[in-house]
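Participant: Structure incoming, see below.
The values are calculated or read from the model by the stated rules, or taken from the named source; none is laboratory data. Note that the structure is predicted; figures quoted are calculated from it, not measured. Counting neighbours? That spans all protein chains shown, and the Cβs are built from the backbone with ideal geometry, glycine included.
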Ligand SMILES: [Cu+2]
């Protein structure tokens, strides 16, 4: 009974893995009290970043290499999908002392 | 540049002198008033810049300043209300306001690129002076933990604005 169920689950997992090869995940990055956390995040191409701004100020997540430039209004969440691999240093254009790194695997 | 740095230093000394003159560190109601006044000063400077600036980046920067400082001041008002603290006018606030009014009048006489450059240079010097005051006077003197933490976040915002202003100034050349 149990082994059978396990096999079925494994099969489903395998199917799932085939359907979404990149195993897309959603990763939360929070901006609160002028700090981006986590400051270093590892992700994969196809993952979704959920930018959560808990401050009363607008912030941006602006890639130094021009890869992305997301504006997040006060108390809002914005989602964006990672499309290209690489190590991206990003900062807030309005408050350049807010800095973090996103490492995107292929 | 030296003149403007001088103004920044003078603003800081005013903060220190006023506190010393009272023979004690500023109280929480006074600190709240000084912090709020510092925000109002930058909002007024931004409103002038939104009208007078000719450079697109300067105009955008001014808009950012007005928006941020209005949001922070609203948060500060909400906090003092919650804490039942009534902001108390004081010599430091008065000196800051007087100095800011003079600066606004001085900037008001300039035009075009000369105005843009004077505005952004003053923004750098002003944010620098407020940062020093926050670090050395206001944050250490604040006794209410919530007020202290608001000032600490305020310091990070002002530091961010200073860097933003420095980027904009560098882009003018
Ligand atoms: Cu920001």
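Participant: Just checking, how many residues over the range B:95-109 are surrounded by fewer than 17 Cβ atoms within 10 Å (Cβ to Cβ) and closer than 15 Å to residue B:48 by Cα?
Facilitator: Count: 7.
Participant: Restricting attention to the range B:49-73, which residues are over 18 Å from residue B:160 (Cβ atoms), within 19 Å of the chain's Cα centre (by Cα) and without any contact (Cβ under 8 Å) to a residue 12 or more places away in the chain?
Facilitator: Hit for the range B:49-73 is B:59, nothing else.
Participant: Residues of the range B:153-173 being outside any helix (DSSP H, G or I) and within 13 Å of the ligand (Cβ to nearest atom), which ones?
Facilitator: Keep residues of the range B:153-173 that are outside any helix (DSSP H, G or I), which gives B:173.
Within the range B:153-173, none qualify.
Participant: Now a separate question. Which residue, of A:60, A:87, A:71, is more than 15 Å from the ligand (Cβ to nearest atom) and assigned to a strand (DSSP E or B)?
Facilitator: Details: A:60 fails: more than 15 Å from the ligand (Cβ to nearest atom); A:71 fails: more than 15 Å from the ligand (Cβ to nearest atom).
Result: A:87 is the single residue among A:60, A:87, A:71 that is more than 15 Å from the ligand (Cβ to nearest atom) and assigned to a strand (DSSP E or B).
For every residue, the table says whether it meets (1) within 14 Å of another protein chain (Cβ to nearest Cβ); (2) at pLDDT 95 or above.
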| site | (1), (2) |
| --- | --- |
| A:3 | no, no |
| A:10 | no, no |
| A:24 | no, no |
| A:32 | yes, yes |
| A:40 | no, yes |
| A:59 | yes, yes |
| A:62 | yes, yes |
| A:67 | no, no |
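A quick yes/no check of all residues on (1) modelled with pLDDT of 95 or more; (2) within 14 Å of chain A (Cβ to nearest Cβ):
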{"site": "B:4", "(1), (2)": "no, no"}
{"site": "B:9", "(1), (2)": "no, no"}
{"site": "B:16", "(1), (2)": "no, no"}
{"site": "B:21", "(1), (2)": "no, no"}
{"site": "B:32", "(1), (2)": "yes, no"}
{"site": "B:50", "(1), (2)": "yes, no"}
{"site": "B:64", "(1), (2)": "yes, yes"}
{"site": "B:85", "(1), (2)": "no, no"}
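Participant: For residue B:148, indicate whether it is under 17 Å from residue B:76 (Cβ atoms), in a helix (DSSP H, G or I) and within 16 Å of the ligand (Cβ to nearest atom). Before you say what the answer is, go through the steps one by one.
Facilitator: Numbers: under 17 Å from residue B:76 (Cβ atoms): yes; in a helix (DSSP H, G or I): yes; within 16 Å of the ligand (Cβ to nearest atom): no.
Judged against the criteria, residue B:148 is not a match.
Participant: Which numbered condition in (1) in contact (Cβ under 8 Å) with a residue 24 or more places away in the chain; (2) more than 12 Å from chain A (Cβ to nearest Cβ); (3) within 17 Å of the chain's Cα centre (by Cα) is the only one that residue B:159 fails?
Facilitator: Result: residue B:159 passes all but (2).
Participant: Further question: Is there a residue being in a helix (DSSP H, G or I) and more than 14 Å from every other protein chain (Cβ to nearest Cβ) anywhere in the range B:67-77?
Facilitator: Filtering the range B:67-77 for residues in a helix (DSSP H, G or I) gives B:67-77.
Retained after the next criterion (residues that are more than 14 Å from every other protein chain (Cβ to nearest Cβ)): none.
No, the conditions are met nowhere in the range B:67-77.
Participant: Answer yes or no: is there a residue in the range B:137-147 that is within 13 Å of another protein chain (Cβ to nearest Cβ) and either touching a residue at least 40 places away in the same chain (Cβ under 8 Å) or surrounded by fewer than 20 Cβ atoms within 10 Å (Cβ to Cβ) (or both).
Facilitator: Of all residues in the range B:137-147, those within 13 Å of another protein chain (Cβ to nearest Cβ) come to B:146.
From what's left, either touching a residue at least 40 places away in the same chain (Cβ under 8 Å) or surrounded by fewer than 20 Cβ atoms within 10 Å (Cβ to Cβ) (or both): B:146.
Yes, that holds for at least one residue.
Participant: Is it the case that the range A:36-50 has a residue that's within 21 Å of residue B:61 (Cα to Cα), within 14 Å of the ligand (Cβ to nearest atom) and in contact (Cβ under 8 Å) with a residue 12 or more places away in the chain? I'd like the intermediate steps shown before the answer.
Facilitator: Restricting attention to the range A:36-50, the residues satisfying the condition of being within 21 Å of residue B:61 (Cα to Cα) are none.
Checked the range A:36-50: no residue is within 21 Å of residue B:61 (Cα to Cα), within 14 Å of the ligand (Cβ to nearest atom) and in contact (Cβ under 8 Å) with a residue 12 or more places away in the chain.
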